[in-house]
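Note sheet for the following structure.
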Amino acid sequence: MPVRARPLSPHVLIYRWQLGNTLSILHRATGVALAFGLVALSYWLMSLAGGQDSYDDAMRVLTSPLSLLFLLGWTFSFWYHLLNGVRHLVWDAGYGFERTPRHVSGWIAVSGAVLLTAGAGFWVWHGATS
Amino acid sequence: MSLRSPLGRVLGLGSAKDGTGHWWAQRVTAVALVPLTLWFFIALLSLPALDYSTVKAWLALPVSSFLAVLTVGVLTYHAYLGTTVVVEDYVHGAGLKVASLMLLRFLYVVFGGAGIFAILRVAFGS
């Protein structure tokens, strides 16, 4: 059998790190994080259906410092996965594959997610303190 | 000469046996989730407070409960499609893979079902 140079998948240890693969990994990671967020959403909705006492208990759990950290993470994941998801849909439609639009849209997704997360965090914090 | 049967060619399902079904469903749910999740996020943050009576009164409105059921339903399906691929990619060994995929499916039915049940319970009163 002749040995042919077949295409290989990227070798993780020697693969040159770049924007494209980082954002791709981040898209999957935020997606998995959001799937876990579904458990929290379900818990919150069930507590609401359970009445005043169960809702108050759930809100105490969900506003603990650790939970707020998770909620902040889920908020970022939500915005990033949404913005980068739209980026993927544009690619699926056949546009934006060139180097410049690819990089510009990537940075828009990241910075947009950071800004919108900060905005949402400020909005909630402002509402809770005023 | 192709060895594919005429029937196989017409069905176009390929070796994975489900053709573009998974890929397409992921895109359709993604498009649907853009307005749905934006609505849910903004509506929730627009409430004057997140106390029991405010949230309950909001979710009990027909428009809110209807859209919330759609949001949780489509979200669950989209999450199922996405994390199924993650499990298929990283969990190796036929037995463990099948068990994980089955467990994943059960969990989505449980948590998605619980979310929708809770919304309906609030919508129709208890």
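What follows is calculated from the coordinates using simple rules that are stated; it is not laboratory data. Everything numeric here is computed off the predicted structure, so don't read it as measured data. Cβ sites come from the backbone with ideal geometry, for glycine too, and all protein chains shown count toward neighbours.
In degrees from 0 to 90, rounded to the nearest 10, what is the angle of the helix B:21-46 Cα long axis to the longest principal axis of chain B?
Long axis of B:21-46 versus the principal axis of chain B: about 10 degrees.
Choose one of B:72, A:105, B:19: the residue whose Cα lies farthest towards the positive end of the charge dipole of the protein assembly as shown (beta-carbon charges +1 Lys, Arg; -1 Asp, Glu; about the Cα centre).
B:19
So what's the angle, to the nearest 10 degrees on a 0 to 90 scale, between helix A:65-92 and the longest Cα principal axis of chain A?
That helix lies at roughly 40 degrees to the long axis.
Report the charge-dipole magnitude of chain B in Debye, nearest 20, computed about the Cα centre from +1 at each Lys and Arg Cβ and -1 at each Asp and Glu Cβ.
For chain B, the charge dipole is close to 320 debye.
For a quick check, take a GNM of chain B with Cα springs below 10 Å and name the residue from B:99, B:32, B:114 with the largest mean-square fluctuation.
Per the Cα network of chain B with a 10 Å cutoff, B:99 tops the list.
Where the centroid of each part is defined by its Cα atoms, how far is the stretch B:87-126 from the stretch A:18-37 in Å?
Comparing the Cα centres of the stretch B:87-126 and the stretch A:18-37, I get a distance of 20 Å.
For the protein assembly as shown, what does the alpha-carbon gyration tensor say about shape, rounded, prolate or oblate, given a ≥ b ≥ c as the root eigenvalues, a/c under 1.5 as rounded, and a/b over b/c as prolate?
Prolate, because a/c is 1.5 or more and a/b exceeds b/c.
Using Cβ counts within 10 Å as a stand-in for footprinting exposure, how do A:88, B:78, B:22 rank, fewest first?
Ranking A:88, B:78, B:22 by Cβ neighbours within 10 Å, fewest first, gives B:22, A:88, B:78.
Most mobile of A:93, A:109, A:33 per a Gaussian network model of chain A (Cα springs, under 10 Å)?
Per the Cα network of chain A with a 10 Å cutoff, A:93 tops the list.
Arrange A:110, B:31 by Cβ neighbour counts within 10 Å, fewest through most, would you?
Listing A:110, B:31 from fewest to most nearby Cβ atoms yields B:31, A:110.
Explain nothing, just compute: Karplus ³J(HN,Hα) = 6.51 cos²θ - 1.76 cosθ + 1.60, θ = phi - 60°, for every residue of the stretch B:74-88 in order, whole Hz, x for Gly and Pro.
Along the stretch B:74-88, the couplings run 5, 4, 4, 5, 5, 5, 4, 4, x, 6, 4, 5, 4, 5, 4 Hz.
Any idea what the dipole of the protein assembly as shown comes to, in debye rounded to 20, about its Cα centre with Lys/Arg Cβ at +1 and Asp/Glu Cβ at -1?
1040 debye
Taking only Cα atoms, what is the 0 to 90° angle, nearest 10, from helix B:94-124's long axis to the longest principal axis of chain B?
The answer is roughly 30 degrees.
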